[in-house]
Amino acid sequence: MTDSDANAGTGGPGTARAPSPTEWGRVEFARAWARVLDGTSYSTLVAAEIEVLTLDLSDLLAAAMFDEPFTATAGERIGQALVDAHFTGAKALSQTTALLGDLLLPCLGRSADSWLRPRVSDLQGAVARGYTEALLTLALAEQEQIRQAALSARDQAQAALRASDARFRALFTDAAVGIGVGDTAGNILDVNPALVKMLGYPPADFRRRNVADFLHPDDAAEVWEDYRDLVEGHRESFRTEKRFYRADGTAIWTHLTVSLIRGEDGAPRYQVAIIEDVTERHRLQDRLSYQANHDPLTGLPNRAMFLDRLTAALHADRPGGQVGLCFLDLDSFKVINDSLGHSVGDQLLVAVSDRLAAELGHGDLIARVGGDEFVVLVAPSTGREQLTALTERLLDALAVPIPIEGHHLSLSVSIGVVEAPAGGTTPTDLIRAADITLQQAKAEGKGRAAFHDPHRNATQVTLYTLAATLPGALDRGEFTLAYQPLVRLADGRLHGVEALLRWQHPRFGLLTPDQFIRLAEETGAILPLGKWIFAESCRQATSWSPPLPADSLLSVNVAVRQLQDPGLVEDVSRALADSGLPADRLQLEVTESALMASDADEPLAAVRRLADMGVRIAIDDFGTGYSNLAYLRRLPVHELKLAGAFLDGLRTPGEPDPTDIRVVAALVEIAHTLRLTVTAEAVETPEQADRLRELGCDTAQGWYFARPAAPDRLGARWRTDPARSVPLG
Amino acid sequence: MGRPDWAPAGIDLDRPSAARVYDFYLGGFHNFAADREMGRRAIEMWPELPEIMKANRAFLRRAVRHLVAAGVRQFLDIGSGIPTVGNVHEVARAAAPDARVVYVDNDPVAVEHSRAILTGSEQTAVVQADLRDPDSVLRDPAAKALLDLRQPVAVLMVAVLHFVSDEDDPHGLVRRYRDAAPAGSYLAVSHASSEGQPALTESHRGLYRRTATPMTMRTGAQIAAFFDGYELVEPGLVYLPLWRPDPGTEVDERPERFSGFAGVGRKP
């Protein structure tokens, strides 16, 4: 530093030399430089590392100052080095040039007006130049880098977009489901081949159409509400079942899913419909539903569908609306079916249902609800006239014989008709009433219609109440026995008594077997009841006071169901044993059909065992069944009871019907040939009694002789006039 | 996250990107007009921002050096952005030439840039993935090829978790990464916080709503919770400049100005 002042004034470039690193204040300068740089920019260098850099640069600077010939290029290198070290902040350059101006000469030991002064300025400029050039180069390079990166990213994004687009295209084109794209105004923009095929319009047709053109009259109202909500952006998607018309006018069933596509601003932009053809599935469902609701033989609706429709009709909200119901049962169908075979029976049912169906009014429903049972539902019904006209047509429809496989089959139908206000009754009640009315029509002679009469039916309806009260009736002691005498025609003496069951019903009064015995058979109640009858009648027969004549019979009816009961013989034996009644004073009345028509041997075996015990067997109602005389011979039978029908012709005063006379005579003769006694039932007049006596009939019973009566009354009468041959009651 | 992964995102250079704005703060030129515009507005509002970013970057550097010294040779830098000056692999490999680094970012431009500058470097890989989908990060073929998850890994989440909103369950996500790494692994986190400069951070947050990555400022306690299952190394969770400052540097006398916390944890 000693020559600094001398050089400042007198020295020139020729005398100058660069100071050695130890000769000038390089560390001081470098530290100051590092201090001003630190914080100007983001650099990876820590403070100590910056100082290493500025020391190097300071040496470079010092050397340049004294370089001969002087060039400022070192300044450019320094500027470059600063940028390289990432001192790219704007202050890095200004602080550096300021430092050069302020501190370089003093640190070199020169005065501010040294001849070196211009060199400092030159170097300042060079540093700025080098720095700026380097920064510009860096900026351009980095801009280029980031632009390339952006382009590359964009290319990749576009490639991915194209790939995704291609994937979507493939999905769209090859999808098995129909896909359509539309805008929010409903204009169809694109459809895939599956949709073209599904609906049958060419693609161009679709693009001319609006979504609203695909309205189907069966569309649920919600579908189009949902659609509106969707295109207005209130919902993102909806699913529904919808029908579409195809180009050829046919309709298909579809599962439709419509989704909303929004733009980047969130506003509704497009809609995408995905449409799956489910027509086949629907057909299958329809078929299954049809099968579940129709009778496979006749194709008519079945009981299930009838009940649905009846329930709906009764619930219909139609003030004053009436519902009519006709229950039809084919008379004697079973005979045809049994004799000509099921095939003919089936064809007959088909023919009958065709004929019946042809007579229906508009809106009427006919259903097959059982083997030979049909029902016609008339809803709404306009009243009795309409139903009368309908039943007449139905009856007439079967008037002409039906030709099947060479047979001309005649059959009639019985109809029970009920009418009720909708909402006024339940399906169960209505069906019950119709069924009762049908039974009435049958009872009145078949081949006719009976109209439900609510008043008269007060007791008919009871069939169902009876069914409900029957099981407990025995325990409640509601059953009693009445007895009707059997009288020997020859001498008017008592032959025996027939025990007849009576039900003292708490609600309906005294009921006779014809009112409940079928029910008892159906429900099985006949078995305990029958057992009670055996026990009770035997007990009473032996305890009457005065007792019955020792040779008189107790005759008890046995139902078919009882004959099939393995416990029958045991029940009878026990009744006899308990009462002490001799077996040969007990007579069991069975119908010939129960004995002969049964396939099982059980009844016959039981009858044989009873006969072996000494019990008498009588065939009841002989002549109403098959009356198989040959078979009769092999049966252990002791007596025939002629059905009341044979006596009709013998009833009237004056000349009896000669045919009836001969028939009865022949029957009596055959019975006697077979060593059977003959009893005539339902004898109501003295004429009948006289003629039967003339024809050789052994015994008789009926109102002419005595009505059935309670044991005490019967016993009392018998005692007062035991040999009386004239009617007792 | 609702977009299927085969449907690409568009590249919109008119929208500022957090990675490029960060580069701008650091004095880089890897940015576009929209980025610079946003950066300038942010600096106008908050003049210290560049300094904060530098402090954050400096923390990253110090953390990596510390981790290398602790023996870590595998780094997973999630939210790496545009790693220009002083990026992880340079810092790490300066001390340990065998260090391996996987960079992860969801910004496609940042990823492309990283790929460009890392071309030819076999010890680095770049993965475009979203940290909110740890499977896509951890099961990426390039990441799996480079990182051995049976050996300790340092997961770096530097200035990135504040771009994950609470509804994406950032703590749960960090746990997923923790569970994927073996004992002896590390987690380094720096995170913007509203503590210290509440008014400024709020307006800053408002600015970032325009980007694809809105910010969620968190409290020190919330940030500390990211280290559940880790043991914080000294000095714990502190303001950015206070984490193991370089010897010889003067530490700012008001470190809370930096408005961000930093910490490094070790999985025991």
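Quick notes on this one:
- Single match in A:309, A:355 (criterion: in the same structural domain as residue A:375 (by TED's automatic domain parsing) and either at pLDDT 90 or above or surrounded by 19 or more Cβ atoms within 10 Å (Cβ to Cβ) (or both)): A:355
- Residue match in region A:120-129 (condition: facing chain B (nearest Cβ under 8 Å), more than 21 Å from residue B:26 (Cβ to Cβ) and part of a helix (DSSP H, G or I)): no
- Considering A:344, A:352, A:378, A:400, the condition of being part of a strand (DSSP E or B), among the hydrophobic types (A, V, I, L, M, F, W, C) and farther than 30 Å from residue A:516 by Cβ is satisfied by A:378 alone.
- Test result for residue A:170, without any contact (Cβ under 8 Å) to a residue 12 or more places away in the chain, within 14 Å of chain B (Cβ to nearest Cβ) and within 30 Å of residue B:32 (Cα to Cα): no
- Any hit, region A:107-124, residues being within 30 Å of residue B:110 (Cβ to Cβ) and aliphatic (A, V, I, L, M): no
- Single residue of region A:131-166 satisfying the filter (more than 7 Å from chain B (Cβ to nearest Cβ), charged (D, E, K, R) and under 60 Å from the mean Cα position of the chain (by Cα)) that is farthest from residue B:107 (Cα to Cα): A:165
- Elements of type helices (runs of 4 or more DSSP H) contained in region A:590-704, each with 3 or more residues being of a type in the set (Gly, Ala, Ser), in contact with a helix residue (DSSP H, G or I) (Cβ under 8 Å, 6 or more places away or on another chain) and at pLDDT below 90: none
- Among the residues making up region B:91-114, a single one is more than 21 Å from residue B:15 (Cβ to Cβ) and facing chain A (nearest Cβ under 8 Å): B:91.
- Which numbered condition residue B:201 fails, given (1) farther than 25 Å from residue B:243 by Cβ; (2) in a helix (DSSP H, G or I): (1)
- Qualifying residue in region B:243-265 (condition: at pLDDT 90 or above, more than 14 Å from chain A (Cβ to nearest Cβ) and in contact with a Ser or Thr (Cβ under 6 Å, 6 or more places away or on another chain)): yes
- Test: residue in region A:29-46 that is loosely packed, with under 15 Cβ neighbours inside 10 Å, out of contact with any Lys or Arg (no Cβ under 6 Å at 6 or more places or on another chain) and in a helix (DSSP H, G or I): no
- None of A:74, A:92 is within 14 Å of another protein chain (Cβ to nearest Cβ), in a helix (DSSP H, G or I), within 29 Å of residue A:142 (Cα to Cα) and of a type in the set (Gly, Ala, Ser) except A:92.
- When residue B:86 is tested against the conditions (1) in contact (Cβ under 8 Å) with a residue 40 or more places away in the chain; (2) within 13 Å of another protein chain (Cβ to nearest Cβ); (3) outside any helix (DSSP H, G or I), the lone failure is (1).
- Some residue of region A:177-195 being away from chain B (no Cβ under 14 Å), over 27 Å from residue A:235 (Cα atoms), surrounded by 14 or more Cβ atoms within 10 Å (Cβ to Cβ) and modelled with pLDDT of 90 or more: yes
- Any hit, region A:8-18, residues being in the same structural domain as residue A:134 (by TED's automatic domain parsing), out of contact with any helix residue (DSSP H, G or I) (no Cβ under 6 Å at 6 or more places or on another chain), modelled with pLDDT under 80 and surrounded by 18 or more Cβ atoms within 10 Å (Cβ to Cβ): yes
- Looking across region A:506-521, the residues that are without any contact (Cβ under 8 Å) to a residue 40 or more places away in the chain and farther than 15 Å from residue A:481 by Cβ come down to A:506, A:509, A:514, A:518.
- Residue, nearest to residue B:247 (Cα to Cα), within region A:38-60, restricted to residues that are within 10 Å of another protein chain (Cβ to nearest Cβ) and of a type in the set (Asp, Glu): A:49
- With respect to the conditions (1) buried (at least 20 other Cβ atoms within 10 Å of the Cβ); (2) more than 9 Å from chain A (Cβ to nearest Cβ); (3) under 28 Å from residue A:147 (Cβ atoms); (4) modelled with pLDDT of 85 or more, residue B:57 lacks only one, and its number is (2).
- If you go through region A:243-289 and keep only what is loosely packed, with under 13 Cβ neighbours inside 10 Å and in a helix (DSSP H, G or I), you end up with A:280, A:281, A:283, A:284, A:285, A:286, A:287, A:288, A:289.
- Residue match in region B:217-233 (condition: in a helix (DSSP H, G or I) and modelled with pLDDT under 75): no
- Per the listing A:79, A:109, the residue uniquely touching a helix residue (DSSP H, G or I) at 6+ places or on another chain (Cβ under 6 Å) and at positive phi is A:109.
- Condition met for residue B:63 (farther than 22 Å from residue B:162 by Cβ and either crowded, with 24+ Cβ neighbours inside 10 Å or more than 10 Å from every other protein chain (Cβ to nearest Cβ) (or both)): no
- With respect to the stated conditions, residue A:99 is more than 14 Å from chain B (Cβ to nearest Cβ), assigned to a helix (DSSP H, G or I) and in contact with a helix residue (DSSP H, G or I) (Cβ under 9 Å, 6 or more places away or on another chain).
- Candidates in region B:18-50 are the residues that are crowded, with 16+ Cβ neighbours inside 10 Å and of a type in the set (Gly, Ala, Ser); of these, the one that is nearest to the other protein chains (Cβ to nearest Cβ) is B:27.
- Single residue of B:108, B:134 found to be under 28 Å from residue A:144 (Cβ atoms) and over 14 Å from the mean Cα position of the chain (by Cα): B:108
- Whenever a residue of region B:22-37 is of a type in the set (Ser, Thr, Tyr), its partners that are at pLDDT below 90, lying with C-beta atoms within less than 7 angstrom and at least six residues away or across chains, give the pairs B:22/B:53; B:22/B:81; B:25/B:39; B:25/B:49; B:25/B:50; B:25/B:53.
- Here residue A:423 fits the description: out of contact with any Ser or Thr (no Cβ under 6 Å at 6 or more places or on another chain) and in contact (Cβ under 8 Å) with a residue 24 or more places away in the chain.
- Restricting A:497, A:556 to residues that are in contact with a Phe, Trp or Tyr (Cβ under 6 Å, 6 or more places away or on another chain), assigned by TED's automatic domain parsing to the domain that holds residue A:613, crowded, with 16+ Cβ neighbours inside 10 Å and within 28 Å of residue A:689 (Cα to Cα) narrows the list to A:497.
The values are calculated or read from the model by the stated rules, or taken from the named source; none is laboratory data. Predicted model only: the values in this text are computed from it and were never measured. Every residue, glycine as well, gets a Cβ built from its backbone with ideal geometry; the counts of neighbours run over all protein chains shown.
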